[in-house]
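The values are calculated or read from the model by the stated rules, or taken from the named source; none is laboratory data. These numbers come from a predicted model, not from an experiment. Positions of Cβ are generated from backbone atoms using ideal geometry, with glycine treated the same way; all protein chains shown enter the neighbour counts.
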Amino acid sequence: MGENRKKILTQIQEKRERMIDSAKKYGYTSEYTIRCSEELDQLIFEYQQQKQNDKKQKRKIKFSFRLLITTWREKLVEAKYQAHS
């Protein structure tokens, strides 16, 4: 897991605790509790976006590596064929 995702998870936990404390102290419909809830939603959205971006990046790396291996094999076969000709 990337450092940014870890940071966001920490922020999510902190915001969640603040929201719960606010709800206990001021009620579920207080302006502060609602603001905490909205900010928590935004953090969760950012986390999901980051997770999705990380998956895309891994797929790109895997594809590049596979392409490299395939090209390498083709060049080896070509070199072997030319050496025996």
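Look at Gln82 and say whether it is surrounded by 10 or more Cβ atoms within 10 Å (Cβ to Cβ) and either in a helix (DSSP H, G or I) or touching a residue at least 12 places away in the same chain (Cβ under 8 Å) (or both). Spelling it out, it is not the case that Gln82 is surrounded by 10 or more Cβ atoms within 10 Å (Cβ to Cβ) and either in a helix (DSSP H, G or I) or touching a residue at least 12 places away in the same chain (Cβ under 8 Å) (or both). Just for segment 44-66: of the residues that are of a type in the set (A, V, I, L, M, F, W, C) and modelled with pLDDT of 80 or more, which one is farthest from the chain's Cα centre (by Cα)? By that ranking, first place goes to Ile61. In segment 4-13, the count of residues that are over 21 Å from the mean Cα position of the chain (by Cα) and either in a helix (DSSP H, G or I) or at pLDDT 80 or above (or both) is zero. Looking only at segment 36-43, decide whether some residue is surrounded by 10 or more Cβ atoms within 10 Å (Cβ to Cβ), touching a residue at least 24 places away in the same chain (Cβ under 8 Å), among the charged types (D, E, K, R) and part of a helix (DSSP H, G or I). Among the residues of segment 36-43, at least one is surrounded by 10 or more Cβ atoms within 10 Å (Cβ to Cβ), touching a residue at least 24 places away in the same chain (Cβ under 8 Å), among the charged types (D, E, K, R) and part of a helix (DSSP H, G or I), which makes the answer yes.
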